[in-house]
Amino acid sequence: MGKRSRRRGEQGVAEGEPEQNGAESPAEDPQGGPSPLRPDGRLREASLLVEEADYVYALYRWVVLTGEVPKANEWLRREDWPHPDYVIDVFGSWEKFLAHADLPASPLLARLREADAALKGIGAREAAAGKDLARVEDLKRQVETAKRRREAADAERAELSARAERLAASLGRAEERAAQAEAHLAERRAAAEEAAAGAGEEASAEWLTAHEALQDELEAVRAHRDGLLAQVEELQEASAADAKSISRLGAALAEASSPTFSPETEENGPVAAPGTVAEAVARAQDHAAHLVFTQAAHDSAADSPYRRPADVLEALGRLDELATMYADPDGFGRSLSQAAGELGLTWKGNVSELARSRKPNQYTITHDGARLELGPHVAIGSGSGAGFIARIYLHVADGSGAVPRGLYVGHVGRHLPDTTTG
């Protein structure tokens, strides 16, 4: 460490100064008297070495106790550690003090840094494991929710099946009553004709009164039968929709039960579902290849309060596939009804003549100056009310009329009036 000065404002021992054997040595004054005593240079050097050792010891002790290299201000706030100014007076600067103790190359600190890095890695892995566990719990909740929804759908389907059976039995009884009424009417008619032939005008008036009463009863029975048929049709549609919902729930349940935690998404990210039926129709038209949309379809969609417009968008996409197959003038080897069923659509070939005769304007639209009749339709949703069920009514053109061959969407949204809606 040499004989350099380590204190500001003090001078070191001169290089050529003679050594002294004692702590003090008398010197002669130029006038012949004794000179004042002065410290020995070797004692001063030993004192500085002791200070250096003391400070280095304190430094090592700090490193052992805290596992970190101290900063000057940390010793400034602690009375049980050397004051940093004293350390800087001895070594020249705090950095030289640390370098003198060889701390940058300390194996102990290197191992401490490695241990800190390992602890941070363990903490990161624990955080990732916590996130995975939270995701597993979320997936478990999703599975339980899907199970409950599937059980509810099964119960609703069983209830609808029982109701359909009851309505079928009521329909059978209504048809039997209609047959009996028709037979009774025929008998009364024959009897009235015989009575009219024998009794003249008075009997004829009585016959007409009885005939009108029987005719009214027959019409009432037939209307009741049509109502039951419409209810059975609605229940069958609801049952088919529930079956599809159960299938989707089963697929969702299987997917949720899978250990894969990163579901696949589209290349550009997930596509947001449409907010309204009108938006669903507009998006379907933008992507349609052969399905033709009329202005009446957009107008009816804007009036629809159906709560699941994504179902409408999906059904229109499948109808576009059906329209693509139907565009082939040579046919595609099966009926529209069969192809629609294969595409997962709840297809109805037409509406009843009674419904069409009662509300003819509801089933007619205008497109490019041509009047098109609507009949075939697709049922969507289940339950009752325009918020839970929707219909897509179509015009099927074979190319022989005023418009080219194809499928034309004429109405999207509310159920058009029939024998059940008036």
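Give me the residue from region 64-88 that is within 17 Å of Asp102 (Cα to Cα) and out of contact with any helix residue (DSSP H, G or I) (no Cβ under 7 Å at 6 or more places or on another chain) and, out of that set, surrounded by the most Cβ atoms within 10 Å (Cβ to Cβ).
Glu68
Yes/no per residue for (1) open to solvent by less than 60 Å² (accessible area, probe 1.4 Å); (2) modelled with pLDDT under 85:
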{"site": "Glu201", "(1), (2)": "no, yes"}
{"site": "Ala205", "(1), (2)": "yes, yes"}
{"site": "Leu214", "(1), (2)": "yes, yes"}
{"site": "Glu233", "(1), (2)": "no, yes"}
{"site": "Glu237", "(1), (2)": "yes, yes"}
{"site": "Asp242", "(1), (2)": "yes, yes"}
{"site": "Pro259", "(1), (2)": "no, yes"}
{"site": "Glu279", "(1), (2)": "no, no"}
{"site": "Arg308", "(1), (2)": "no, no"}
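So, restricting to strands (runs of 3 or more DSSP E) that lie completely within region 338-395, which ones have at least 1 residues that are in contact with an Asp or Glu (Cβ under 9 Å, 6 or more places away or on another chain) and either among the acidic types (Asp, Glu) or open to solvent by less than 20 Å² (accessible area, probe 1.4 Å) (or both)?
Hits in region 338-395: 346-348, 364-367, 377-381.
Kindly evaluate Gln142 against the criterion of being over 16 Å from Leu59 (Cα atoms), of a type in the set (S, T, N, Q), in a helix (DSSP H, G or I) and without any contact (Cβ under 8 Å) to a residue 12 or more places away in the chain.
In short, no.
If a residue must be open to solvent by less than 30 Å² (accessible area, probe 1.4 Å) and in a loop (DSSP other than H, G, I, E, B), how many such residues does region 289-302 contain?
2
Testing Asp418 on (1) within 23 Å of Gln338 (Cα to Cα); (2) over 27 Å from the mean Cα position of the chain (by Cα); (3) open to solvent by less than 40 Å² (accessible area, probe 1.4 Å), one condition comes back false. Which one is that?
Tallying (1) within 23 Å of Gln338 (Cα to Cα); (2) over 27 Å from the mean Cα position of the chain (by Cα); (3) open to solvent by less than 40 Å² (accessible area, probe 1.4 Å), Asp418 fails exactly one: (1).
Inspect region 315-325 for any residue being under 30 Å from His224 (Cα atoms) and among the polar types (S, T, N, Q) and give the result as yes or no.
No; the residues of region 315-325 include none that is under 30 Å from His224 (Cα atoms) and among the polar types (S, T, N, Q).
Condition first: closer than 30 Å to Leu65 by Cα, in a helix (DSSP H, G or I), open to solvent by less than 50 Å² (accessible area, probe 1.4 Å) and in contact with a helix residue (DSSP H, G or I) (Cβ under 9 Å, 6 or more places away or on another chain). Can you find one or more residues in region 159-169 that meet it?
Looking for residues that are closer than 30 Å to Leu65 by Cα, in a helix (DSSP H, G or I), open to solvent by less than 50 Å² (accessible area, probe 1.4 Å) and in contact with a helix residue (DSSP H, G or I) (Cβ under 9 Å, 6 or more places away or on another chain), one finds none in region 159-169, hence no.
Applying the selection to region 90-117, what residues are part of a helix (DSSP H, G or I), open to solvent by 50 Å² or more (accessible area, probe 1.4 Å) and within 30 Å of Leu48 (Cβ to Cβ)?
Answer for region 90-117, where residues must be part of a helix (DSSP H, G or I), open to solvent by 50 Å² or more (accessible area, probe 1.4 Å) and within 30 Å of Leu48 (Cβ to Cβ): Glu95, Lys96, Ala99, His100, Pro107, Leu108.
So, in region 319-337, how many residues would count as being of a type in the set (D, E, K, R) and crowded, with 16+ Cβ neighbours inside 10 Å?
Within region 319-337, residues that are of a type in the set (D, E, K, R) and crowded, with 16+ Cβ neighbours inside 10 Å number 2.
Yes/no matrix, rows are residues, columns are (1) open to solvent by 100 Å² or more (accessible area, probe 1.4 Å); (2) within 30 Å of Ala99 (Cα to Cα):
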site: Leu119; (1), (2): yes, yes
site: Arg125; (1), (2): yes, no
site: Leu139; (1), (2): no, no
site: Gln142; (1), (2): no, no
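The values are calculated or read from the model by the stated rules, or taken from the named source; none is laboratory data. No experiment lies behind these values; they were computed from the predicted model shown. Every residue, glycine among them, receives a Cβ derived from its backbone with ideal geometry; neighbour counts consider all protein chains shown. Calculation scope for accessible area: heavy atoms of the full protein, side chains included, ligands and nucleic acids excluded. Shrake-Rupley method; radii C 1.70, N 1.55, O 1.52, S 1.80 Å.
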